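Participant: Would you mind keeping the following structure in view while I ask a few things?
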Amino acid sequence: MTGWTATSRRVREEIGQEARFRHSVGVARTADRLAQAHGLDAGRARVAGLLHDLARLWPKERLLAEARRRALMLDAFDVAHPVVIHAPLSAELAREGYGVRDEQILDAIRKHTLGEARMSGLDTVLYLADALEPGRSYEGRAAMLDLAMRDLAEGMRAVLRSTLSHHASHGLTLSPRTLACARAFGVTVPKEILHA
Ligand SMILES: [Fe+2]
Ligand SMILES: [Fe+2]
């Protein structure tokens, strides 16, 4: 990857929407803070944050077609909710277009939307930064970010609990990966949660 300023300029152009670009910068900054607070590599966290949503605004037909072209593994949930494919595809774009070869960064980007049973420190940092960056405005965000700054696993449990209760109250289907992630962090899954 070339310098930070040149890279962020390219990301801004590639994303093509100011709000999504600002979110990406917010995630990069928040991931940097979380990494520093927990003795993890802040440089990796920043790169993962800046590049995590490169394909976020692609229409679902394009997400499905580009995933198939690259033979990405999709499960039934991904096919039913193509927006989530932006995570593994953004990792591919980071590799193809930005020269990122660091598998830890690419894995964190792949897992940032749904989580997974096995989450490294960097995976957790990016997942939390995406959910908790200051550009997002919802009840409890700042308190959960404070908690994550003190304790990553507790921050994960708080975000996962709020995701589960959102899904339960809206009758939304949960990805098997998010379910596995919640279980791995010891979060109790409410009975009314539907999963694919
Ligand atoms: Fe995303
Ligand atoms: Fe994001």
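Every read-out reported here was derived from the displayed coordinates using simple, explicitly stated rules and does not represent laboratory data. Here the structure is a predicted model, which is why all the values come from computation and not from measurement. All Cβ positions, even for glycine, are placed from backbone atoms using ideal geometry, and neighbour counts span all protein chains on display.
Participant: Quick one: 3J(HN,Hα) in Hz for segment 30-36, Karplus 6.51/-1.76/1.60 with θ = phi - 60°, rounded, Gly and Pro as x.
Facilitator: Whole-Hz 3J(HN,Hα) from phi for segment 30-36: 5, 5, 4, 4, 4, 4, 4.
Participant: Pull out the extension gain between His195 and Arg22, defined as 0.36 nm times the separation in residues minus the alpha carbon to alpha carbon distance; nm, one decimal.
Facilitator: Once the chain is fully extended between His195 and Arg22, it gains 59.1 nm.
Participant: Then there's this: How many percent of the alpha carbon pairs in segment 4-195 exceed a separation of 20 Å?
Facilitator: 53 percent
Participant: With a cut-off of at most 15 other beta carbons within 10 Å, and DSSP calling the residue loop, which trypsin sites (Lys or Arg not before Pro) in segment 103-135 qualify? Please list them.
Facilitator: Arg118
Participant: Here's another thing I want to ask about it. Apply 1/(1 + (r/R0)^6) to the Cβ-Cβ distance of Ala6 and His170, taking R0 = 30 Å, and write down the FRET efficiency to the nearest 0.05.
Facilitator: Result of the calculation: an efficiency of 0.15.
Participant: If you don't mind, there's one more thing I want to ask. Taking θ = phi - 60°, what integer Hz values does the Karplus form 6.51 cos²θ - 1.76 cosθ + 1.60 yield along segment 39-50, in sequence order, with x for Gly and Pro?
Facilitator: Here the 3J(HN,Hα) series is x, 9, 6, 5, x, 4, 4, 5, 4, 4, x, 5 Hz.
Participant: For segment 56-118, would you read off the P(r) tail past 20 Å as a percentage of all alpha carbon pairs?
Facilitator: 21 percent
Participant: Right, here's the next one. Short version: ³J(HN,Hα) in whole Hz for each residue of segment 159-172, in order, from phi by Karplus 6.51 cos²θ - 1.76 cosθ + 1.60 (θ = phi - 60°), x for Gly and Pro, what are they?
Facilitator: So the J values, rounded to whole Hz, are 5, 5, 4, 5, 5, 5, 6, 4, 4, 5, 6, 9, x, 8.
Participant: Students often get this wrong: which residues of segment 57-87 have the backbone nitrogen under 12 Å from the point 7 angstrom along Cα-to-C-beta of Glu13?
Facilitator: Counting backbone N atoms under 12 Å from the label point, the list is empty.
Participant: Here's a follow-up. Could you give the semi-axes, largest first, of the ellipsoid that matches segment 92-167, computed as the square roots of 5 times the alpha carbon gyration tensor eigenvalues and rounded to whole Å?
Facilitator: Its equivalent ellipsoid spans semi-axes of 24, 13, 12 Å.
Participant: Give me the percent relative contact order of the chain, please, defined on Cα pairs under 8 angstrom at least 6 residues apart.
Facilitator: Relative CO of the chain lands at 20 percent.
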